[in-house]
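Engineer: This is the structure, below, for whatever I ask next.
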Amino acid sequence: MTLPDQLSGLLSPAAYPHPCGDIEVVETHISWVILTGELVYKIKKPVAFSFVDFSTLARRRHFCEEELRCNRLYAPSLYLDVVAVTAGPDGVRLGGDGETVEWAVKMRQFPQSAQLDRLLDAGAVEVDQLESFGATLAARHRQQPGRSFPADEFDHRALAPVRDNFRDLEALAWMADHQRLLARARRGTEAATEAARARLTERLETGAVRECHGDLHLSNLVLLDDGVCAFDCLEFDPDLRWIDPMSDVAFLFMDCLIRDRADLAYGFLDGYLGACGDYRGSETLGFYAGYRSMV
């Protein structure tokens with residue numbers, strides 16, 4: 001298990017104000033996720049990258065609070081609180097009386113086997129489940145107020161994230177063997193951009209942009225008792241979350257397609273469009289699906 005020395009006490013059940021099962025740590029690029037049985041605690045690493053800055057305790061607390069706020073829209077039963085990690089005479093504790101050394105997002109734990117990517121691998125995802133989720137997602141999107149932006153922000157809002165993907169890929173040493181494929185992807189992206197430019201600009205100007213999930217793919221969906229819900233919303237960059245809802249839709253749509261499950265992709269899309277009626281927005285789906293595939 002990988003935790004810094006300052007937090008290693010969290011590997012002991014004595015650090016928690018509730019009974020624990022086997023404690024497990026899942027490490028990501030920017031966080032440690034501590035599974036205790038019924039509850040999960042997600043702690044942000046003190047890192048600063050080009051895309052995220054968690055370098056101070058104050059910033060980590062802020063983004064824990066943002067993660068809680070954003071995810072409660074999509075998974076209110078999973079996201080419970082932001083709690084202090086404290087250090088005192090008795091060691092490191094969750095919510096103790098000592099000095100606050102970190103902050104954590106407190107969540108309800110679910111079995112990883114309930115994630116939709118794993119259920120899909122097991123052949124246990126039904127079209128009606130994703131169709132119902134599509135309708136739920138449409139309702140969540142419609143709860144958020146829209147924002148409009150002038151046409152001269154089209155480059156920043158729509159094209160800059162696309163260019164960033166290609167720039168980052170070109171910097172990878174292993175991509176040297178795949179330049180023809182990358183060039184083909186670039187040509188396809190440019191064609192999709194031109195085909196959708198007028199509609200993309202119109203939607204930008206007329207308030208289609210909303211605060212969305214931002215990272216909506218199968219491994220960020222879970223099947224709970226009341227159906228499929230999304231979790232792990234992208235909290236650390238508002239520009240990647242304040243987007244055209246069709247960008248959210250396209251990520252999951254594309255993820256189903258590349259897994260050879262067009263039935264799930266179109267079932268989800270039918271549920272979404274049937275609930276919100278944004279059929280003209282689907283004219284941008286090719287552009288956004290290409291962008292999300294490069295992500």
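The values are calculated or read from the model by the stated rules, or taken from the named source; none is laboratory data. None of these values were measured; they are calculated from a predicted model. Cβ coordinates were reconstructed from backbone atoms using ideal geometry, including for glycine residues, and neighbour counts include every protein chain displayed. Note: areas computed on protein heavy atoms with side chains; ligands, DNA, RNA excluded. Shrake-Rupley method; radii C 1.70, N 1.55, O 1.52, S 1.80 Å.
Engineer: For the range 51-121 and the range 263-280, what is the separation of their Cα centres, given in Å?
Structural biologist: Rounded to whole Å, the Cα centres lie 32 Å apart.
Engineer: Work out, step by step, the length gained on full extension between D225 and S50: first 0.36 nm times the residue separation, then minus their alpha carbon distance; give nm to one decimal.
Structural biologist: 59.2 nm
Engineer: At 0.36 nm per residue, and after removing the present C-alpha to C-alpha distance, how many nm does the segment from F166 to V26 gain when stretched out fully? Let's see the in-between values first.
Structural biologist: Working: separation 140, 0.36 × 140 = 50.40 nm, distance 2.90 nm.
47.5 nm is the gain from fully extending F166 to V26.
Engineer: Could you check how much of the accessible area of the chain is carbon and sulfur, as a whole percent, using a 1.4 Å probe?
Structural biologist: Values: 7150 of 14270 Å².
Carbon plus sulfur share of accessible area: 50 percent.
Engineer: Might you report the magnitude of the Cβ-based charge dipole of the range 60-219 about its Cα centre, with Lys and Arg at +1 and Asp and Glu at -1, to the nearest 20 debye? Before the final figure, lay out the partial values.
Structural biologist: Numbers: 22 positive and 26 negative charges, 71 e Å.
In debye, rounded to 20, the range 60-219 gives about 340.
Engineer: Mind checking the alpha-carbon convex hull of the range 1-128 and giving the volume per residue in Å³? Can you show the working numbers first?
Structural biologist: Numbers: hull volume 17.4 nm³, N = 128.
So the per-residue Cα hull volume is 136 Å³.
Engineer: Let me have the relative contact order for the chain, percent, based on Cα pairs under 8 Å that are six or more residues apart.
Structural biologist: Numbers: 479 pairs, mean separation 54.4, N = 295.
Taking the mean separation of contacting Cα pairs over the length of the chain, I get 18 percent.
Engineer: When ligands, DNA and RNA are left out and all protein chains stay put, how many square angstrom of accessible area per residue does the range 224-277 have with a 1.4 Å probe? Show your work: numbers first, answer last.
Structural biologist: Numbers: 1950 Å² over 54 residues.
Accessible area per residue: 36 Å².
Engineer: While we're on this one: Work out, step by step, the length gained on full extension between D237 and H18: first 0.36 nm times the residue separation, then minus their alpha carbon distance; give nm to one decimal.
Structural biologist: Working: separation 219, 0.36 × 219 = 78.84 nm, distance 3.31 nm.
In short, 75.5 nm is gained.
Engineer: Okay, moving on. What FRET efficiency comes out for E153 versus E194 if R0 is 22 angstrom and r is the Cβ-Cβ distance? Round to the nearest 0.05.
Structural biologist: So, using R0 = 22 Å, E works out to roughly 0.75.
Engineer: 222 nm [θ] for the chain, helices only, -39500 (n - 2.57) per DSSP H run of 4+, per residue, to 500?
Structural biologist: Values: 8 runs with 118 residues, N = 295.
Value at 222 nm, helices only, nearest 500: -13000 deg cm²/dmol.
Engineer: In degrees between 0 and 90, to the nearest 10, how far off the longest principal axis of the chain does helix 160-170 point, with axes built from Cα atoms?
Structural biologist: 80 degrees
Engineer: Compute the helix-to-body angle for 179-205: its Cα long axis versus the longest principal axis of the chain, expressed 0 to 90° and rounded to tens.
Structural biologist: Roughly 80 degrees, rounded to the nearest 10.
Engineer: Residues of the range 1-92: accessible area per residue at 1.4 Å, in Å²?
Structural biologist: Numbers: 4480 Å² over 92 residues.
Here the residues of the range 1-92 average 49 Å² of exposed surface.
Engineer: Explain nothing, just the number: relative contact order of the range 124-242, from Cα pairs under 8 Å at least 6 residues apart, as a whole percent.
Structural biologist: Numbers: 84 pairs, mean separation 42.0, N = 119.
Relative contact order comes out at 35 percent.
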